Structure formats: structure tokens, C-alpha cells
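Everything on this sheet refers to the single structure shown next.
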Amino acid sequence: LEARGVPVQIVPGITAASGIAAALRVPLTHRDYADSVRFVTGHARSENSAPVAERYRWEVLSDPSQTLVVYMGLSTLPQFADGLLQAGLDASTPAVAVQDGTTATQRVVAAPLGGLATAVEEASLASP
């Protein structure tokens with residue numbers, strides 16, 4: 001980027017989730033809503049042939065007192081949402097999907113968890 005004249009600032013220790021949350025002004029934890037945050041990947045390596053529905057402990061991920069961050073999850077969003085809903089997370093839970101977070105091409109879709117997969121499909125968000 002610098003070679004093309006784009007100013008760059010490196011901030012050690014900032015994960016994509018923290019950067020995106022800060023850019024969206026959405027706290028990952030909040031005393032009134034979420035007292036913890038959990039990071040998981042939505043896209044496994046090719047040698048992991050287990051389907052998304054079998055890969056996670058949904059009862060743990062569906063804890064309504066935590067913020068769940070799913071890295072690389074656009075392609076598995078429908079299965080992820082289904083797993084969370086079937087484990088009891090309320091369909092009205094606020095949710096956000098982000099494409100190209102913290103870049104000039106960032107796109108954001110916000111919707112209740114029960115409608116997020118459809119909203120993402122309608123907005124044509126895609127994995128890189």
C-alpha cells in the first residue's frame with residue numbers, strides 16, 4: 001500500500017474483529033448485553049470434512065450473554081445461523097455480517113439473526 005502512496009499504520013495486537021467492531025462502533029462486550037466474546041472460524045481447512053452442523057458445540061456458541069464473532073463465515077452463514085437458532089438463540093438477536101472489514105470496499109448487513117442469511121444473500125455479500 002505504501003508503495004502506491006496509501007498511508008499505512010500498523011497497530012500490533014488488533015484482531016480483525018476488534019478493528020471491525022471499532023469501525024462500526026459496536027462494542028464486543030457491554031455490561032448490559034454481553035459479558036464475554038468468543039471467536040470461531042466459519043470456514044475450516046479443506047481437510048476438515050465435518051459439516052458445519054457437526055463441527056461446533058452449538059449450546060456453548062448460542063449463549064445470549066456473549067458476543068459471537070465468526071471469522072470467514074459468509075459461505076457458511078445459513079448453517080451457522082441454523083445451528084444457533086436450533087440451540088435456542090432467539091431469532092431476534094441482533095446480528096451483523098461484514099465483507100472486506102476495515103477496507104475501502106467494506107460492506108455491512110445488519111439484521112436479526114433469523115433473517116441475516118437472507119439479508120446477506122439479497123445484498124450479494126461474498127467471501128474474498
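Report the paramagnetic label zone for residue 107: residues of the range 53-74 whose backbone N is under 17 Å from a point 7 Å from Cα along the Cα-to-Cβ axis.
Inside the label zone: 72-74.
May I ask you to compute the full-extension gain from residue 57 to residue 9, defined as 0.36 nm times their residue separation minus their alpha-carbon distance, rounded to one decimal in nm?
13.5 nm
What does the helix-only formula give at 222 nm for the chain: each DSSP H stretch with n ≥ 4 adding -39500 (n - 2.57), the total divided by the residues, and the result rounded to the nearest 500 deg cm²/dmol?
-8000 deg cm²/dmol
Shape call for the range 1-75 from the C-alpha gyration tensor, a ≥ b ≥ c root eigenvalues: rounded (a/c under 1.5), prolate (a/b greater than b/c) or oblate?
Verdict is oblate for the range 1-75.
Quick one: which residues, 5+ away or cross-chain, put their amide H under 5 Å from the amide H of residue 41? H built at 1.01 Å from N.
For residue 41, whose amide H was placed from the backbone, the distant partners under 5 Å are 71.
So what's the net charge close to residue 88: Lys and Arg +1, Asp and Glu -1, counting the other residues with Cβ under 11 Å from its Cβ?
-3
Roll a 1.4 Å probe over the protein heavy atoms and report the accessible area of residue 39 in Å², nearest 10.
Spelled out: residue 39, probe radius 1.4 Å, area about 90 Å².
Rank these residues by their accessible area, most exposed first, probe 1.4 Å: 33, 71, 56.
Descending order: 33, 71, 56.
Return the label of the correct value of mean projected area of the Cα convex hull in nm², as calculated from the structure shown, out of (i) 8.9; (ii) 9.3; (iii) 8.0.
For mean projected area of the Cα convex hull in nm², the calculated option is (ii).
Which of 22, 111, 95 ends up with the largest GNM mean-square fluctuation for the chain, with Cα atoms connected below 10 Å?
Per the Cα network of the chain with a 10 Å cutoff, 22 tops the list.
The values are calculated or read from the model by the stated rules, or taken from the named source; none is laboratory data. Since this is a predicted model, take the numbers as computed values, not measurements. Cβ atoms come from the backbone with ideal geometry, glycine included; neighbour counts cover every protein chain shown. Calculation scope for accessible area: heavy atoms of the full protein, side chains included, ligands and nucleic acids excluded. Shrake-Rupley method; radii C 1.70, N 1.55, O 1.52, S 1.80 Å.
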